[in-house]
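Taken together, the values in this text are just the output of simple stated rules run on the coordinates, not laboratory data. Please read all numbers here as calculations on a predicted model, not as lab measurements. Neighbour counts are summed over all protein chains in view; Cβ atoms, including those assigned to glycine, are modelled from backbone coordinates with ideal geometry.
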Amino acid sequence: MPHVVTQSCCNDGSCVAACPVNCIHPTPADPSFGKSAMLYIDPNGCIDCGACITACPVEAIKPERLLNPDEVVFARLNADHFEEHPHADRPPLGQLRSRSHLDDAIARKLHVAIVGSGPAGMYAADEILRYPGARVTVYERLDEPFGLARFGVSPDHRRTRAITDRFRVITRQKGFRYRMGVEVGKDVTHEQLTAKYSAVIYAVGASHDRRLGIAGEDLPGSMAATRFLGWYNGHPDHRDADIRLDHPRVVIVGNGNVALDTARILTADPDRLAPTDISRDALTALRASEVREVVLLGRRGPAHAAFTLPELIGLQNLPDVEVIVDNRGEPISGDSDVEQILASFATEPANPSARRIVLRFRTAPVEIVGTDEVSGIRVSHTNLVRSTNGSVRAELGDDTEIISAGMVLRSIGYRAQPVPGLPFDDESGTVPNENGRVTAGTYVVGWIKRGPTGFIGTNRTDAAETLASLVADLKVLEMSQ
Ligand SMILES: Cc1cc2nc3c(=O)[nH]c(=O)nc-3n(C[C@H](O)[C@H](O)[C@H](O)COP(=O)(O)OP(=O)(O)OC[C@H]3O[C@@H](n4cnc5c(N)ncnc54)[C@H](O)[C@@H]3O)c2cc1C
Ligand SMILES: NC(=O)c1ccc[n+]([C@@H]2O[C@H](COP(=O)([O-])OP(=O)(O)OC[C@H]3O[C@@H](n4cnc5c(N)ncnc54)[C@H](OP(=O)(O)O)[C@@H]3O)[C@@H](O)[C@H]2O)c1
């Protein structure tokens, strides 16, 4: 009976390394790895050994016979991947990047400062501590570690949040040290770090929100989804957020996975959230919430939705929540699994008393309306225009309408801030780097390196790449001395 990767897959690739028959793909060596929504097990290759189950840090892998009814669809998705991407030449071992060799004498002298304790920082620490005698000191501005794995991942994603257990194991290794509550650039400078450590790796993420640049964006009741999810996750920067749950509708601009997370929390039965580690203040506020409907605005069409298939499948199985798809009266056609699932959602509520998530497409924000506070959002229907390079963009149409709402959350992606002492590319919002190297001795990893996309585990291969650059520089330095 083959094993199956399910919704909580974080693409960390531990399963690939554990699999003795290389039947989990894409592997980190595959160019599609960083873009794949999840990893898949080949049912014809799986030998049912269970090694991947033990290796997976987020309990995403199950034997097919143990799948819940709402997980059965993943068996087909796993098999379909290998129909579409057959791999005839299957070497016996998982194809992972091999770790660069470092002389023990150099490793013993290695002491690296890592700035930021999110997934990227933790995976980088793990890579360094595999060299005997090496040490890391992790600087973290907050008093609690693990970045978005702690303060971003949705509380109802219990299995994904368990990744922090894996990170705790890393922190217990010999040679690991924290400096919590220390903000680099404020409490300590880049120059002080470079003077003290063999190398400095920045893993500071991209925690700032992006703005829509439309009128009314600063009205009370309009805020970034980052602030709202920081509030329900107990993030110290967002505990005092001005959250308004006294209107039946909330509008979220954007339809990425963050927008879905936020919509699920706003519509969830608070009793289902009570056993999670959602902030207790947020739980109390959600118990008194009058929100009945959350509308997600996608400026393009169903084929361009930013959420991933596993997360959409998760929406199908929500108890007591209806999902409605509004494609501006157009039927949804297309062969993709995402479009097929979207087409299967109703266009009208069947149970008016249930809470609703409305996935509305081809609708862009024009203005957030209200006098002293948000009362709604003016939106325009869009026309989709295909460019010569094949990409599709949304152009505002002539007709607008106002959707009334008590809160408007913009969930349109993240952006990094410049790191004091380091160059910064304003357009991409990243620190310019070559395979993680900014200069010899200074490195980046995670969202500050490649921008705000990808899953927790994507940062693992990313960290391995940065470490390869660091080790190469150490060797050059050693030879020149
Ligand atoms: C809301 C949300 C939910 C997500 N949910 C999932 C999910 O369910 N599954 C999944 O696979 N992926 C998920 N992701 C993606 C995943 O969280 C990211 O890929 C990952 O967190 C990026 O890691 P990072 O270490 O680069 O950044 P971060 O996680 O942001 O970590 C950066 C760390 O650096 C610290 N820091 C920043 N500046 C400084 C400074 N100057 N000095 C010291 N410390 C500093 C921060 O406090 C933070 O702890 C989610 C992302 C978001 C935004
Ligand atoms: N469960 C999980 O695994 C999980 C959970 C949360 C986050 N993540 C990951 O974290 C990363 C960030 O997620 P995200 O949801 O913040 O970002 P995202 O996936 O980039 O989605 C951003 C959304 O905002 C829209 N948008 C951008 N600018 C806009 C504008 N000016 N007006 C209207 N709409 C606009 C985009 O539309 P266009 O497509 O038209 O630009 C898109 O719908 C992603 O890689 C995501 O997969 C994963």
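Can you tell me how region 393-481 classifies by the Cα gyration tensor, rounded, prolate or oblate, using a/c under 1.5 as the rounded cut? Taking the square roots of the gyration eigenvalues as a ≥ b ≥ c, region 393-481 is prolate. When the convex hull of its Cα atoms is viewed from all sides, region 210-413 shows a mean projected area of 11.9 nm².
By the combined test of axial Cα extent (at least 30 Å) and Kyte-Doolittle hydropathy (mean at least -0.5), the qualifying DSSP H helices of the chain come to 458-480.
Considering all projection directions equally, how large on average is the shadow of the alpha-carbon convex hull of region 341-394, in square nanometres?
Working: hull surface 25.0 nm².
Directional mean of the projected Cα hull area for region 341-394 stands at 6.3 nm².
Sequence-distant contacts, meaning Cα pairs under 8 Å at least 6 residues apart, place the relative contact order of region 94-220 at 32 percent.
Close amide H partners of Y202, meaning residues 5 or more places away or on another chain with modelled amide H under 5 Å apart, are V115, Y443, V444, V445.
Put a plus charge on the Cβ of each Lys and Arg, a minus charge on the Cβ of each Asp and Glu, and nothing anywhere else: the dipole of the chain about its Cα centre is then about 1340 debye.
Nearest 5 is fine: what % of DSSP beta bridges in the chain come out antiparallel, could you say?
Working: 27 of 70 bridges.
Counting only bridges with both partners in the chain, antiparallel ones make up about 40 percent.
Based on the Kirkwood radius over alpha-carbon pairs, what value in µm²/s does the Stokes-Einstein equation return for the translational diffusion coefficient of the chain at 4 °C and 1.567 mPa s? Taking Rh from Cα pairs, D becomes 54 µm²/s.
Quick one: divide the alpha-carbon radius of gyration of region 128-228 by 2.2 N^0.38 Å and tell me what you get.
Values: Rg = 17.5 Å, N = 101, 2.2 N^0.38 = 12.7 Å.
Ratio of Rg to 2.2 N^0.38 Å for region 128-228: 1.38.
With contributions of -39500 (n - 2.57) from each DSSP H run of at least four residues, the per-residue ellipticity at 222 nm computed over the chain stands at -7500 deg cm²/dmol. Qualifying trypsin sites (Lys or Arg not before Pro) in region 133-188, where qualification requires a DSSP coil assignment and no more than 11 other C-beta atoms within 10 Å, comprise R172, K174, K186.
DSSP loop GluC sites (Glu not before Pro) in region 398-481 with at most 15 other Cβ atoms within 10 Å of their Cβ, which ones? Don't skip to the answer; put the middle values down first.
Details: sites: E401, E427, E434, E465, E478; in loops: E427.
The qualifying sites are E427.
Using C-alpha pairs below 8 Å separated by at least 6 residues, the relative contact order for region 210-413 is 31 percent.
Below 10 angstrom from the Cβ of E478, what's the summed charge of the other residues (Lys, Arg +1; Asp, Glu -1)? Mind showing how you got there, number by number?
Working: positive: K109, K475; negative: D103, D473.
Charge balance near E478 sits at 0.
Annotation: peptides 40-50, 437-447, ranked by per-residue average of other Cβ atoms within 10 Å with the highest first, follow the order 437-447, 40-50. With the biggest extent put first, the Cα atoms of region 3-84 measure 33, 24, 23 Å across the principal axes.
Using only alpha carbon pairs under 8 Å that are at least six residues apart, calculate the relative contact order of the chain and give it in whole percent. Before the final figure, lay out the partial values.
Numbers: 1016 pairs, mean separation 83.9, N = 481.
Normalised by residue count, the contact order of the chain is 17 percent.
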